[in-house]
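Report on the following structure.
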Amino acid sequence: MQSNKFLRLFTFLLLPVFFFACNNDMEDDLENDFEFQHVVNYEFLDSISTDEISARFGGNNLVSGFVNFDITAHRITYMTQNFDGSEVEASGLVLIPIVKGSAKLTSFQHSTLAKDPNPSIDQEDRAPSYLPENNVEIHLSAALFASNGYMISAPDYIGYGSTGDLFHPYEHAQTTATTSYDMLVAAREYAEFLEVNMRTEGETEVEELHLLGYSQGGNSTMALHKYIEENHSNEFKIIRSAMGAGAYHKTAVGDYIFNFEGELDFSISLYLWVMDTYDKVYLQRGMGYYLKEPFATEVSDNGYFAISNTNPQEIFTDEFIAEVNNPDSEFRAALADNDVHDWRAEAPIKLYHSREDALVPYFNSVDAFENLTANGSEEVLFETYEFGSDVPREDIHGAAGGRFFSDVISRYFASGL
């Protein structure tokens with residue numbers, strides 16, 4: 001079986017070299033004995049050596065101990081459901097370590113990628129399935145995890161990659177969870193096709209699973225963890241989940257952002273995007289209900305990043321702010337439907353957050369830790385980062401992201417600490 005696995009993998013890697021001569025015959029031979037149920041299309045992207053991965057980190061000795069395996073990169077597409085119930089063909093990246101034993105299946109949820117009509121702002125080309133060099137999460141972190149033996153399933157999310165022409169339902173918990181879960185199922189099937197051995201729980205056939213993500217990826221990871229345990233606990237055995245700086249407590253975030261008086265320390269664009277997502281999913285009122293002029297027209301015409309004003313009281317309508325503060329309102333219900341901080345987790349979770357984070361308030365992780373623990377979750381850990389004056393406040397969210405990925409691979413996933 002082991003020799004068959006490598007034969008299939010390396011035959012697959014040679015497809016681009018011999019494609020001109022065999023005209024799909026070799027690829028057809030690979031598929032003849034395998035019937036896909038979840039993968040719609042697949043494409044080999046690249047093979048990446050340990051030397052290349054080490055070079056990406058400048059030969060850093062602290063990183064070298066985690067660079068153990070060459071990896072291969074693949075793009076797959078699969079069917080999933082959008083927020084409106086329509087079926088779409090979504091895409092994602094699969095990174096496979098060339099291990100002699102078994103790989104550790106891992107769902108890697110990426111952080112925010114801007115969607116904007118302005119090409120200088122839009123970050124579609126950083127979606128995972130493009131194998132982007134300009135996305136450090138993928139080019140550095142995901143590659144490092146893969147080289148350490150983790151098989152990476154990285155969904156693009158709806159709105160990127162093969163669905164790049166669609167609206168991205170930013171931080172809509174249900175869509176994020178199902179899109180990521182369906183990608184995992186497809187990635188597992190793709191691994192089976194390539195005869196990659198996956199680590200399972202004891203003698204069972206249930207694959208062990210790791211989850212991680214930072215910022216939007218942290219929120220997505222929490223939503224995915226909750227979704228799997230509540231709906232598909234027999235499909236995967238979650239070993240550990242690592243979540244950094246996610247906006248888990250949406251009702252509290254709504255209170256904070258929309259009632260804030262004065263200038264925020266950051267652009268309000270991402271919160272406009274969340275607001276617009278919940279309007280499209282639940283309410284369909286249009287931008288004019290939420291924003292005063294000229295802001296409503298500016299956002300409608302030029303996107304969320306068109307507004308430089310950061311004072312919520314000058315941007316949002318009085319009617320909308322009153323609704324945010326009404327516990328029985330429809331928008332308040334939409335926020336609550338996306339709260340993922342208050343439930344009981346069976347598998348271990350570790351939360352990471354910087355106390356000084358200006359973009360995603362620290363209370364999100366505090367509230368998640370307190371509620372998950374109070375609800376009797378099996379194991380919830382919480383690590384607080386402190387940066388002080390050495391790092392500008394506007395840079396802390398990003399700086400904490402780099403520390404998060406380092407701590408997860410070197411400590412939490414390795415030893416549970």
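The values are calculated or read from the model by the stated rules, or taken from the named source; none is laboratory data. Everything numeric here is computed off the predicted structure, so don't read it as measured data. For neighbour counting, all protein chains shown are included, and Cβ atoms are generated from backbone atoms with ideal geometry for every residue, glycine included.
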Note: among Phe369, Phe404, Phe413, just one is over 19 Å from the mean Cα position of the chain (by Cα), touching a residue at least 12 places away in the same chain (Cβ under 8 Å) and in a helix (DSSP H, G or I), namely Phe369
Anything in the range 41-71 that is surrounded by 13 or more Cβ atoms within 10 Å (Cβ to Cβ) and more than 25 Å from Gly92 (Cα to Cα)? List them, or say none. Val63, Ser64
Could you check how many residues of the range 310-347 are over 30 Å from Ile238 (Cβ atoms), touching a residue at least 24 places away in the same chain (Cβ under 8 Å) and not in a loop (DSSP other than H, G, I, E, B)? 11
Based on what the data block shows, is Arg285 of a type in the set (Lys, Arg), outside any helix (DSSP H, G or I), under 30 Å from Asn234 (Cβ atoms) and at pLDDT 95 or above? no
Members of the range 381-408 that are crowded, with 20+ Cβ neighbours inside 10 Å and of a type in the set (A, V, I, L, M, F, W, C): Ile396, Ala400, Phe404, Phe405, Val408
Where a residue in the range 289-300 is in the same structural domain as Ala322 (by TED's automatic domain parsing) and outside any helix (DSSP H, G or I) and its partner, wherever it lies, is surrounded by fewer than 16 Cβ atoms within 10 Å (Cβ to Cβ) and of a type outside the set (Lys, Arg), with Cβ under 8 Å and at least six apart: Lys292/Glu314
Run Asn259 past the list (1) in contact (Cβ under 8 Å) with a residue 60 or more places away in the chain; (2) on the phi > 0 side of the Ramachandran plot and report the number of the one that doesn't hold. (2)
Ile152 is checked against (1) surrounded by 19 or more Cβ atoms within 10 Å (Cβ to Cβ); (2) in a loop (DSSP other than H, G, I, E, B); (3) not small (Gly, Ala, Ser) and fails just one. What number does that condition carry? (2)
Can you spot a residue in the range 171-191 that is surrounded by fewer than 23 Cβ atoms within 10 Å (Cβ to Cβ), part of a loop (DSSP other than H, G, I, E, B) and of a type outside the set (Lys, Arg)? no
Ile228 surrounded by 24 or more Cβ atoms within 10 Å (Cβ to Cβ), free of Cβ contacts under 8 Å to residues at least 60 places away in the same chain and either assigned to a helix (DSSP H, G or I) or hydroxyl-bearing (Ser, Thr, Tyr) (or both): yes
What is the one condition in (1) of a type outside the set (Lys, Arg); (2) in contact (Cβ under 8 Å) with a residue 40 or more places away in the chain; (3) not in a helix (DSSP H, G or I) that Ala252 does not satisfy? (3)
Scanning the range 348-367 residue by residue, those of a type in the set (A, V, I, L, M, F, W, C) and either under 21 Å from Lys237 (Cα atoms) or touching a strand residue (DSSP E or B) at 6+ places or on another chain (Cβ under 6 Å) (or both) turn out to be Ile349, Leu351
Looking only at the range 242-259, decide whether some residue is more than 26 Å from the chain's Cα centre (by Cα), surrounded by fewer than 19 Cβ atoms within 10 Å (Cβ to Cβ) and modelled with pLDDT of 95 or more. yes
